[in-house]
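Here's the structure we're looking at; comments come further down.
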Amino acid sequence: MTEFFAREIDTTKPSAARLYDWYLGGTHNYPIDRTFGELATQICPFVPDLARNNRGFLRRAVQFAVENGIRQFIDIGSGVPTVGNVHEVAHRTAPETRVVYVDNDAEAVVTSQEMLEGSTVATSVAADLRQPDLILDHPGTTRLIDFDQPVGLLIVAVFHFVSPSDGPHQLMRSYIDRLAPGSYVALSHITVDDATPVAAEQLQDLEREYGSTSNPAYLRTRDEFTQLFDGLELVEPGVSYATDWRNFEPVDPHDPARPCFYAAVGRKP
Ligand SMILES: C[S@@+](CC[C@H](N)C(=O)[O-])C[C@H]1O[C@@H](n2cnc3c(N)ncnc32)[C@H](O)[C@@H]1O
């Protein structure tokens with residue numbers, strides 16, 4: 001297990017990982033996060049629903065990939081461990097599945113490493129999504145991932161922390177180029193394209209507020225989201241709301257959070 005961190009735990013600024021943990025009812029957060037979380041839910045009351053909706057997509061995407069033969073995952077921006085972690089979902093069907101969790105947040109990495117202590121099939125790596133080679137060539141990754149075999153690459157609820165100036169398209173290309181044919185890539189992303197005017201304003205206000213945290217966030221349009229899958233074939237139903245992607249349970253059509261998270265899975269031909 002790798003024992004270095006991208007940065008120390010900074011408790012002077014809220015972090016996306018700890019806020020997400022707080023939205024989901026977790027305990028891996030600090031007073032600065034809780035204060036910001038309270039403010040965030042005043043600005044945008046449905047923000048915890050966004051987190052829950054996204055988490056449902058993550059679970060279904062992993063299950064889908066496992067059912068399609070994937071036995072190794074790289075989960076970038078994996079967050080603080082919470083109910084339905086990738087290895088837990090995958091292991092219900094295929095206990096031999098290997099998982100590399102990657103995050104650039106110290107709290108997320110520390111708690112993941114604690115949870116995975118002694119595991120031979122899952123590990124946690126401290127690295128930044130914007131450094132694909134560092135992630136893909138990391139000893140923690142290469143120990144568990146065979147790049148000659150298809151991989152499930154999960155970049156779920158993290159790409160909205162990638163700024164347009166970070167070259168989103170080129171970043172995705174760097175990952176996709178390294179994957180074997182038959183690999184799957186799952187992405188989800190916040191958006192206001194189809195939000196009600198009230199919800200759109202709330203989410204845009206929240207986006208501005210995230211500018212003061214360790215993780216400024218960027219909304220993207222359907223076209224910008226879809227372009228991230230260049231070089232992949234979108235699996236059915238293509239780009240959809242996270243709530244709806246291969247969800248066979250009833251979905252609340254009036255949930256203001258529903259249209260605010262795009263999700264899709266692409267397959268490398
Ligand atoms: C909203 S959480 C999503 C967690 C999980 N993927 C999920 O969908 O439930 C976003 C995570 O991405 C991480 N993150 C943000 N920017 C990142 C970056 N540039 N590189 C790696 N991780 C990043 C945050 O620390 C946080 O843990």
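None of the figures in this text is laboratory data; all of them are computed from the coordinates on show. The shown structure was predicted, so the numbers you read here are calculated from the model rather than taken from an experiment. We place every Cβ from the backbone using ideal geometry, glycine too, and count neighbours over all the protein chains shown.
Tabulated values for the structure
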item	result
Subset of the range 160-177 (residues that are part of a helix (DSSP H, G or I) and of a type in the set (Gly, Ala, Ser))	SER165, SER174
Tabulated pairs, the range 94-105, first more than 21 Å from PHE147 (Cβ to Cβ) and touching a residue at least 40 places away in the same chain (Cβ under 8 Å), second acidic (Asp, Glu) and within 6 Å of the ligand (Cβ to nearest atom), C-beta under 8 angstrom, 6+ apart or interchain	ASN104/ASP128
Every pair of residues 6+ apart whose Cβ atoms lie under 6 Å, when the first sits in the range 245-264 and is surrounded by 15 or more Cβ atoms within 10 Å (Cβ to Cβ) while the second is of a type in the set (Asp, Glu)	ALA257/ASP49; PRO259/ASP194
All positions within the range 10-41 that are farther than 16 Å from LEU206 by Cα and part of a loop (DSSP other than H, G, I, E, B)	ASP10, THR11, THR12, LEU24, GLY25, GLY26, THR27, HIS28, ASN29, TYR30
Pairs, first more than 16 Å from SER78 (Cβ to Cβ) in the range 7-34, second of a type in the set (Lys, Arg) and more than 14 Å from the ligand (Cβ to nearest atom), C-beta under 9 Å, six or more apart	PRO14/ARG34; TRP22/ARG34
Qualifying positions in the range 186-206 - closer than 18 Å to ALA51 by Cβ and crowded, with 18+ Cβ neighbours inside 10 Å	ALA186, LEU187, SER188, HIS189, ILE190, THR191, VAL192, ALA195, ALA199, GLN202, LEU203, LEU206
In the range 9-65, residue surrounded by the fewest Cβ atoms within 10 Å (Cβ to Cβ) [restricted to those that are more than 14 Å from the ligand (Cβ to nearest atom) and among the charged types (D, E, K, R)]	GLU38
Near pairs, Cβ below 8 angstrom, 6+ apart or cross-chain, from the range 152-165 (at positive phi and of a type in the set (A, V, I, L, M, F, W, C)) to any residue that is more than 8 Å from the ligand (Cβ to nearest atom) and assigned to a strand (DSSP E or B)	ALA157/HIS189; ALA157/ILE190; ALA157/PHE261
Matching residues, the range 94-114, being surrounded by fewer than 15 Cβ atoms within 10 Å (Cβ to Cβ) and either touching a strand residue (DSSP E or B) at 6+ places or on another chain (Cβ under 7 Å) or over 19 Å from ILE70 (Cα atoms) (or both)	GLU114
Lone unmet requirement of (1) in contact with a Pro (Cβ under 7 Å, 6 or more places away or on another chain); (2) hydroxyl-bearing (Ser, Thr, Tyr); (3) surrounded by fewer than 20 Cβ atoms within 10 Å (Cβ to Cβ) for SER183	(3)
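Each row is one residue, and each column tells you yes or no for (1) out of contact with any helix residue (DSSP H, G or I) (no Cβ under 8 Å at 6 or more places or on another chain); (2) near the ligand (Cβ under 9 Å from one of its atoms).
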position	(1), (2)
ARG92	yes, no
GLN113	yes, no
ASP128	no, yes
ASP133	no, no
THR141	no, no
GLN149	yes, no
